[in-house]
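Participant: The structure is given below, and queries will be raised subsequently.
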Amino acid sequence: MGCEVILQICTGGFLGETVPYEAVEQKLISALPRLPVTKVVMGWHPDKALYEKTAEFLAKRNIDFYLWFPVFSETGMLKNLSPLVDFRGRKIESRRSNENEDFSFCCPNDPQNTEKILDIFEREFASIPFDGVFLDKIRYPSFANGGGPGQGCSGVFSCFCPECLAVYERENIDIEQLKDSLSRPVPAPLGITEYRGSGEYAFEDPALSGFFSVKTKIIFESLHRMCRYFREKGYGIGFDVFAPFLSPFVGQDLKALSGLCDFIKPMMYRVTQAPAGLPFEMEALLKETGCTDDQKRFAFYKLLGYPAAPDIDQPFDLAFAVKDLQSMSSSSACPVYAGVEINRIENIAQTTPGYIEETIEAYSQTGIRGFALSWNLLDAPEENIAKAADVIGRLNG
């Protein structure tokens, strides 16, 4: 089986400006003849006419149309959702940067939040003929979601609302011991002693190990309820997730989650200097956990199996990304599509045809089904689209 392609199109946030249908159609007419596209993911501005026209366009070409829908973040723009509470008992404030993006997260364990999020789908999108839903922001905040030094830890070290405390007690976690573990510095990031691949870490402190394990259970159970709702309505389901080595810190057990969906897309973004980008998230993890000197940083890279201390101005190490992706694809219960950024944004995603070529060629050797060309086709320059089409064409023979 050759490499398949999923295209992503960003239409803006819930409250921002939408994009004209003509711009979407023009890009699709240009890209589709050159790429083996099986699905188009688009969202999440609630512009019904835009989606209806796109659905009609894609149906004529037998391409599945998925709504790109954020779950535990962004939705707070439209509904009053209960927030996360950090381990010191403080509500984690909204980090809305503009009308298109809101990096505040709600508590995934609150069933009322789940109901309200599904209400948003019902109200804004249920009447549109989508073939499926592509669920994004299915996580807790990462270390990169903080508003300043130390705040990234607050997001990761959550949630401690009454509902979550009850879960920890049921899971036999000593809450006071856990809070003590979260509040004191450790020699290595979080006292990690080993990275076993596929997003699995060994921790020196059993309280931390238990904490991250329970968070993945909370995310899984919340998504299980949501997926049951979408399955009953006949939708296909895709998940947008972090790279395996980052996933445990945001509550994602990728092997378990892959059993809930029809395909899963790890964001293997090697040059993105924004949330989910590998260099961006790695730097935040080190900074927020106190790895500020070279000795501590090098020790963590060695623990990961990273070959050398990376140059932050260079793409994230390809060999490590390949190894991490391969470990995930070999254990996934559903097809894996590697997320590769092809859009170009100044100072955020400095993509080039050369970067796209080496990344796609290397990732194609990991057992994945194909590629999700991300995260916005509308911002992808022609030279990037052409190179992706050329490389995938060669791979497919």
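The values are calculated or read from the model by the stated rules, or taken from the named source; none is laboratory data. Keep in mind that this is a model prediction, so the values were computed, not measured. Cβ atoms come from the backbone with ideal geometry, glycine included; neighbour counts cover every protein chain shown.
Participant: Under the condition of being farther than 16 Å from Phe320 by Cβ and of a type outside the set (Gly, Ala, Ser), which residue from segment 275-294 is nearest to the chain's Cα centre (by Cα)?
Facilitator: Pro275
Participant: Scan the helices (runs of 4 or more DSSP H) fully inside segment 279-397 and keep the ones with 3 or more residues being at pLDDT below 95 and surrounded by fewer than 16 Cβ atoms within 10 Å (Cβ to Cβ).
Facilitator: Counting at least 3 such residues, we get 294-304.
Participant: Oh, and also: Only one of Tyr229, Tyr201 is touching a residue at least 40 places away in the same chain (Cβ under 8 Å) and over 18 Å from Pro244 (Cβ atoms); which?
Facilitator: Tyr229
Participant: Of all residues in segment 166-182, which are closer than 20 Å to Ser142 by Cα and either in contact with a Phe, Trp or Tyr (Cβ under 7 Å, 6 or more places away or on another chain) or of a type in the set (Lys, Arg) (or both)?
Facilitator: The answer is Leu178, Lys179, Leu182.
Participant: On to the next question. Filter segment 356-381 down to the residues that are more than 21 Å from the chain's Cα centre (by Cα) and in contact (Cβ under 8 Å) with a residue 40 or more places away in the chain and list them by number.
Facilitator: Correct list: Glu358, Gln365.
Participant: Residue under question is Arg225, and the condition is that it be within 28 Å of Thr38 (Cβ to Cβ) and in a loop (DSSP other than H, G, I, E, B); does it hold?
Facilitator: No; evaluated as a whole, the condition is false for this residue.
Participant: So is Phe211 in contact (Cβ under 8 Å) with a residue 40 or more places away in the chain and either surrounded by 17 or more Cβ atoms within 10 Å (Cβ to Cβ) or over 27 Å from the mean Cα position of the chain (by Cα) (or both) or not?
Facilitator: yes
Participant: Taking segment 59-79 as the search range and keeping residues that are touching a strand residue (DSSP E or B) at 6+ places or on another chain (Cβ under 7 Å) and aliphatic (A, V, I, L, M), which one is farthest from Ile218 (Cα to Cα)?
Facilitator: Only one residue fits best here, namely Ile63.
Participant: Does Ser82 count as surrounded by fewer than 21 Cβ atoms within 10 Å (Cβ to Cβ) and touching a strand residue (DSSP E or B) at 6+ places or on another chain (Cβ under 8 Å)?
Facilitator: Here the answer is yes, as Ser82 does meet what is asked.
Participant: Condition first: of a type in the set (Asp, Glu), more than 20 Å from Ser127 (Cα to Cα) and touching a residue at least 12 places away in the same chain (Cβ under 8 Å). Can you find one or more residues in segment 45-56 that meet it?
Facilitator: Within segment 45-56, not a single residue is of a type in the set (Asp, Glu), more than 20 Å from Ser127 (Cα to Cα) and touching a residue at least 12 places away in the same chain (Cβ under 8 Å).
Participant: Within segment 26-43, is even one residue farther than 25 Å from Lys387 by Cα, free of Cβ contacts under 8 Å to residues at least 24 places away in the same chain and over 22 Å from the mean Cα position of the chain (by Cα)?
Facilitator: Within segment 26-43 (the criterion being farther than 25 Å from Lys387 by Cα, free of Cβ contacts under 8 Å to residues at least 24 places away in the same chain and over 22 Å from the mean Cα position of the chain (by Cα)), the answer is no, since none of the residues qualifies.
Yes/no per residue for (1) surrounded by fewer than 17 Cβ atoms within 10 Å (Cβ to Cβ); (2) free of Cβ contacts under 8 Å to residues at least 60 places away in the same chain:
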position	(1), (2)
Phe157	no, no
Ile173	no, yes
Glu176	yes, yes
Pro189	no, no
Lys215	no, no
